[in-house]
1. Quickly rank 234-247, 216-229, 101-114 as a protection proxy: mean count of other C-beta atoms within 10 Å, highest first.
2. Using only Cα atoms and rounding to the nearest 10 degrees, what angle (0 to 90) does helix 174-183 make with the longest principal axis of the chain?
3. Modelled label-to-label distance, Ala98 and Asn54, 7 Å Cα→beta-carbon offset: nm?
4. Treating only the Cβ atoms of Lys and Arg (+1) and Asp and Glu (-1) as charged, compute the dipole magnitude of the range 1-131 about its Cα centre; round to the nearest 20 debye.
5. If R₀ is 30 angstrom, what is the calculated FRET efficiency for the pair Asp139 and Gln46, using the beta carbon separation as r and rounding to 0.05?
6. Taking only Cα atoms, what is the 0 to 90° angle, nearest 10, from helix 58-70's long axis to the longest principal axis of the chain?
7. Quick check: residue separation of Arg156 and Ala15 times 0.36 nm, minus the Cα distance between them. What number comes out in nm?
8. How many Å² of accessible area per residue for the range 117-243, probe 1.4 Å?
Amino acid sequence: MSGRLTVVGIGPGDARYRTPEAEDALAAADALYGYAPYLDRLPTRQNQARCPSNNRKERARARSALQHAAEGTCVALVSGGDPGVFAMAAAVCEEIEAGPAAWRSLDVRVVPGVTAMLAVAARIGAPLGHDFCALSLSDNLKPWELIERRLDAAARAEFVIALYNPMSRARPRQLGMAFERLRKYLPPTTPVVFGRAVGRPDEQVSVTTLAMAEDSADMATLVIVGSPQTRVIVRPGRSPLVYTPRAAQGWPA
Ligand code: SAH
């Protein structure tokens with residue numbers, strides 16, 4: 001089978017976040033699949049087919065890309081950030097596992113990208129400098145009770161917590177409910193970072209505390225909730241640095 005499917009991470013926004021490997025994979029593709037706004041960010045090339053799709057149709061998009069590659073085409077399937085973080089690489093694996101046997105002999109590659117939590121962390125200092133975890137607050141693919149259990153466990157274990165998909169118009173209450181949950185375990189002074197559209201022209205990054213954190217965000221926002229060890233360095237004339245020291249002292253009483 002001569003086709004190939006490359007799942008390409010294009011980073012959070014700005015083209016400078018794309019790796020040379022991602023650029024090469026995009027340039028080599030005869031067909032580009034992806035969520036329409038992501039495809040719009042990419043340079044156009046002659047004789048390259050563009051197959052934009054709706055954000056919610058991930059399974060169908062993965063299947064179409066696999067089918068097209070199985071017909072002998074060099075296909076790139078584009079994901080924002082890293083394709084393996086709450087994104088298309090896992091959707092492709094799910095479809096390969098469930099799909100026709102021929103899809104298992106396809107040349108499938110995954111090209112990593114800068115995921116949102118790393119881009120947001122870099123803007124503000126080093127909040128992920130010690131142990132951390134990432135959770136999606138979307139309950140489209142898992143029950144809310146499971147999200148709550150994981151939030152409890154993460155806070156109890158003193159992980160810094162990166163929250164992807166914090167809320168949307170269809171899910172307006174998730175972030176507020178998550179903060180309420182975390183307030184049971186974490187000090188009110190715990191730093192909370194909001195990073196919106198990082199790497200894009202309308203980027204906004206702000207720092208607050210868990211006590212003051214408002215449940216206002218959108219689907220372009222990533223929230224980082226610190227651990228009890230996370231610190232804020234206030235600096236004259238400069239934005240604060242948020243960081244989590246590399247060393248931690250034993251278990252809390
Ligand atoms: N694969 C992507 C994540 C997809 S889930 C990645 O690795 O980044 C979508 C969520 O990612 C959004 O709801 C938001 O929480 C986060 N996100 C994606 N791009 C972002 C950006 N430029 N700035 C802040 N958060 C972003």
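1. Highest-to-lowest ranking by the protection proxy: 216-229, 101-114, 234-247.
2. Compared with the principal axis, the helix lies near 40 degrees.
3. 1.7 nm
4. Details: 14 positive and 14 negative charges, 66 e Å.
Charge dipole of the range 1-131: 320 debye, to the nearest 20.
5. On the way: r = 43 Å, r/R0 = 1.43.
Once the sixth-power term is evaluated, E becomes 0.10.
6. Taking the Cα atoms of the chain, the angle to 58-70 is about 30 degrees.
7. 47.0 nm
8. 50 Å²
The values are calculated or read from the model by the stated rules, or taken from the named source; none is laboratory data. The shown structure was predicted, so the numbers you read here are calculated from the model rather than taken from an experiment. Positions of Cβ are generated from backbone atoms using ideal geometry, with glycine treated the same way; all protein chains shown enter the neighbour counts. The area values use the complete protein model at the heavy-atom level, side chains included, leaving out ligands, DNA and RNA. Shrake-Rupley method; radii C 1.70, N 1.55, O 1.52, S 1.80 Å.
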